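The values are calculated or read from the model by the stated rules, or taken from the named source; none is laboratory data. Just so you know, these numbers come straight off a predicted model, no measurement behind them. Virtual Cβ from ideal backbone geometry, glycine too; neighbours counted across all protein chains shown.
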Amino acid sequence: MMKKAILLSLILVFAAVSVFADTVTVITKDNAIRAYAKFFAPIKANVHYNDRLEALSMEGDWYKVKFGQSIGYIHRTAVEKRAVAVPASYARKGSSVSESEAALAGKGFNPQVEASYKRQHPEMRYNLVDSVERYPVPDRDVAQFIVAGGLRQP
């Protein structure tokens, strides 16, 4: 009788957890699963565009997720519940489509849209934006900047 009660309890716990369990897809080029629901919490795992995460629960604007063996938090703006399509040309080795282009295309931004913006605004110096995007800033430096500037961490 005791074994049946334990088995029933385990089944109920598993069912309660799986009620929320859902899959979300990363929609940003790179992101992190954090130890707790803060933007500069320690990183438990790095994720990339189109990675699929198991959503365990929702806490405010943060999903508690599982990715491989890591369980942590990712902000809701970094994921979507739908699968993100990856162009066939991106999946092939030696493709002319970069990971960055695939991420932007997943958000509705592509080389044609960029070319249109450039034609409409020839005064803009897009090469400067490209150089800023390539400049890595470690999380610890951003966190120090927030503290030094007296800014509130979101």
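A few comments on the model shown:
- If you go through segment 27-36 and keep only what is surrounded by 15 or more Cβ atoms within 10 Å (Cβ to Cβ) and not in a strand (DSSP E or B), you end up with Ile27, Thr28, Lys29.
- Segment 34-46 residues that are within 15 Å of Arg152 (Cβ to Cβ), paired with ones that are surrounded by 18 or more Cβ atoms within 10 Å (Cβ to Cβ) (beta carbon under 9 Å, 6 or more apart): Lys38/Trp62; Lys38/Tyr73; Phe39/His75; Phe40/Arg34
- Residue that is nearest to the chain's Cα centre (by Cα), among those in segment 121-138 that are under 22 Å from His75 (Cβ atoms) and in a helix (DSSP H, G or I): Glu133
- Here Lys118 fulfils each of the conditions (1) modelled with pLDDT under 90; (2) in a strand (DSSP E or B); (3) not small (Gly, Ala, Ser) apart from (2).
Yes or no, residue by residue, for (1) modelled with pLDDT of 85 or more; (2) part of a strand (DSSP E or B):
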residue: Lys38; (1), (2): yes, no
residue: Glu54; (1), (2): yes, yes
residue: Val65; (1), (2): yes, yes
residue: Ile71; (1), (2): yes, yes
residue: Ala105; (1), (2): no, no
residue: Gly108; (1), (2): no, no
residue: Arg140; (1), (2): no, no
